[in-house]
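Chemist: Okay, handing you the structure first.
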Amino acid sequence: VAGNYVEMEREGGDGEHQAGAGAGGGDGGGAAPSGRSKLVSSLFWHGGSAYDAWFSCSSNQVAQVLLTLPYSFSQLGMASGIALQLFYGLMGSWTAYLISVLYVEYRTRKERDKVDFRGHVIQWFEVLDGLLGTHWRNAGLFFNCTFLLFGSVIQLIACASNIYYINDSMDKRTWTYIFGACCATTVFIPSFHNYRMWSFLGLLMTTYTAWYLTAAALVHGRLEGVTHSAPTKMVLYFTGATNILYTFGGHAVTVEIMHAMWKPQKFKLIYLMATLYVLTLTLPSASAMYWAFGDALLDHSNAFSLLPRTPFRDAAVVLMLIHQFITFGFACTPLYFVWEKAIGVHGDRTGVFRRAAARLPVVAPIWFLAVVFPFFGPINSTVGSLLVSFTVYIIPAAAHMAVFAAPAAREGAVERPPRGLGGWAGMYAANCFVVAWVLVVGFGFGGWASTVNFVRQVNTFGLFTKCYQCPPSDI
């Protein structure tokens, strides 16, 4: 029956237990918990509601990038910084919606063919493969995995950068080694079902940090002789713009979050709601920091570095460290799934320790790359322009147009275009705009600017630098 969700509604109606078993990717065997242990597990461990998805999207979207947005404002200027946050927030919400539409289309078609996804987590490259074929799958797999790889790298770099501001007894490279080992423990978290408590706590942590930055900047007041000269150079302008592109391109894990939901069709507006909340954190904090410190931020990509040490700042640093551990897990879990499928253990009812051991090889290259490229801030823009631009903007918009190019596909579509958009013609126009804009501005100008800036960091500090942007005595 075209145009409904009967298959997923039937699965969702079977209750949380089936959803937990079906989308967990082999969460482990054994008898089902009962009584008090089942209640505790439901409250803290097994999530799958629309609220869980909202917390996951909100928590994952704004992490360490919260600390680099003031740096981007010093490159863009206040007006452009605010305008681009609103613009890319809307664009990111649109392409997340497209991904959700394609996921529902793929899953509904497969379930009509009696495909059973219990014990298997659907991923973005599989959606592309099922709807469009091998070439699309390969492109999606390459860009998605590479982005998530470097997204995990960025979290490790951020951990080392942040902890240095409350404990500089060791250099940032040493801290990277330590936090690499800590983040490797995410191999024990089975799937996105099991991030219920972590997503909730993570959002509280970023909320505190954002409002701490806002309040601390306002209390500090304007730096003596502060200047606000941005924008001054095209390289800096487009570098800052691509960091914002990266900020609102955190939906590379949309499919995995949807698959962890009991009723994935309810996801449609969740990312937009998450983005609106995130904007209440990013706009005040970045604006207040730029107002207070202006051009001084150009040499301080981490906002913590300009604020005096207080118990409130130390608390924000610690909370961000914990949140970066959570975000590392968000970015790495899809890579764990891909690796499990590659070696043939995905969905097996293997023990926790055996599955964790199978996942560990994924962490090694992340650890290594974080030591090689410790450029907190500039690496965000580079990843944004070269990887995020394709992963979560260009490919979803182009794929949606390709899937529904034929009249028969549009006629039998599970999800119709939103009302007020102008039907399929309006949807195609919006998708064409996204592809053209991101290809020219994000990948083209942004790629040029962020690469130039990244190479400048390499030439200035060198690869494997011991302590990036530390005082000379610590390098």
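Chemist: With n ≥ 4 as the cut-off for DSSP H runs, can you work out [θ] at 222 nm for the chain, using -39500 (n - 2.57) per run divided by the number of residues, rounded to the nearest 500?
Modeler: -21500 deg cm²/dmol
Chemist: On to the next question. Using θ = phi - 60° and the Karplus curve 6.51 cos²θ - 1.76 cosθ + 1.60, what whole-Hz ³J(HN,Hα) does each residue of segment 240-255 get, with Gly and Pro shown as x?
Modeler: x, 5, 6, 5, 6, 4, 5, 4, 9, x, x, 9, 6, 10, 4, 5
Chemist: Specify which labelled value, from (1) 23.9; (2) 22.7; (3) 25.8, agrees with Kirkwood radius over Cα pairs in Å derived from the coordinates of the model shown.
Modeler: (2)
Chemist: Averaged per residue, what accessible area in Å² does the chain show with a 1.4 Å probe, protein chains only?
Modeler: Each residue of the chain exposes 38 Å² on average to a 1.4 Å probe.
Chemist: Roll a 1.4 Å probe over the protein heavy atoms and report the accessible area of His193 in Å², nearest 10.
Modeler: 0
Chemist: Using a ≥ b ≥ c from the Cα gyration tensor of segment 94-197 (square roots of the eigenvalues), is it rounded, prolate or oblate, where a/c under 1.5 gives rounded and otherwise the larger of a/b and b/c decides, a/b for prolate?
Modeler: prolate
Chemist: Could you check how much of the accessible area of the chain is carbon and sulfur, as a whole percent, using a 1.4 Å probe?
Modeler: So the carbon and sulfur contribution to the accessible surface is 67 percent.
Chemist: How far apart, in nm, are two points set 7 Å out from the Cα along the Cα-to-Cβ line at Glu224 and at Thr280?
Modeler: 3.9
Chemist: What are the ³J(HN,Hα) couplings of segment 320-330, residue after residue, when phi is run through the Karplus curve with 6.51, -1.76, 1.60 and θ = phi - 60°? Round to Hz, x for glycine and proline.
Modeler: My calculation for segment 320-330 gives 5, 4, 5, 5, 5, 4, 5, 5, 4, x, 4 Hz in order.
Chemist: Just how far, in whole angstrom, is segment 121-177 from segment 271-309 if you go by their alpha carbon centroids?
Modeler: Between the Cα centre of segment 271-309 and that of segment 121-177, the gap is 23 Å.
Chemist: Spin-label point model (7 Å from Cα, Cβ direction): what's the Thr185 to Ala215 distance in nm?
Modeler: Output for this residue pair reads 2.9 nm.
Chemist: Need the full-extension length gain, Ile322 to Met197, defined as separation in residues times 0.36 nm minus the C-alpha distance. One decimal, nm.
Modeler: 43.7 nm
Chemist: Which order, highest average first, do 137-144, 157-164 follow once you tally other Cβ atoms within 10 Å for each residue and take the mean per peptide?
Modeler: Per-residue mean Cβ counts within 10 Å order the peptides as 157-164, 137-144.
Chemist: Show me, for segment 364-379, the HN-Hα J-couplings you get by feeding each phi into the Karplus relation (A = 6.51, B = -1.76, C = 1.60, θ = phi - 60°), rounded to Hz, glycine and proline as x.
Modeler: Result, rounded to whole Hz: 4, x, 5, 4, 5, 5, 5, 6, 6, 10, x, 8, 4, x, x, 5.
Chemist: Take each of the peptides 352-364, 86-98, 235-247, average the number of other beta-carbon atoms within 10 Å over its residues, and list them starting from the highest.
Modeler: The most tightly packed comes first, giving 235-247, 86-98, 352-364.
Chemist: Rounded to the nearest 10 degrees, what's the angle between the helix 446-461 long axis and the longest principal axis of the chain, both from Cα atoms, 0 to 90?
Modeler: Result, in degrees: 50.
Chemist: Can you give me the Cα centroid spacing of segment 59-81 and segment 220-249 in angstrom?
Modeler: Distance between centres, Cα-based: 8 Å.
Chemist: For the chain, list the cysteines whose Cβ sits under 4.7 Å from no other cysteine Cβ?
Modeler: Cys57, Cys145, Cys159, Cys182, Cys183, Cys332, Cys432
Chemist: Same structure, new question: Would you mind checking which residues have amide H under 5 Å from Met261's amide H? H placed 1.01 Å from N; only 5 or more apart, or other chain.
Modeler: Amide H to amide H, under 5 Å and 5 or more residues apart or across chains, Met261 pairs with nothing.
Chemist: Taking K and R as +1 and D and E as -1, what net charge do the other residues with C-beta under 14 Å from the C-beta of Leu236 add up to?
Modeler: Residues near Leu236 contribute 0 overall.
Chemist: In nm, to one decimal, how far is the modelled label at Met78 from the one at Thr460, with both set 7 Å along Cα→Cβ?
Modeler: Simple spin-label model gives 2.6 nm for this pair.
The values are calculated or read from the model by the stated rules, or taken from the named source; none is laboratory data. These figures come from a predicted structure and were not determined experimentally. Heads up, the Cβs are rebuilt from the backbone with ideal geometry, glycines too, and the neighbour counts pull from every protein chain shown. Note: accessible area is taken over every heavy atom of the protein model, side chains too, but ligands, DNA and RNA are not part of it. Shrake-Rupley method; radii C 1.70, N 1.55, O 1.52, S 1.80 Å.
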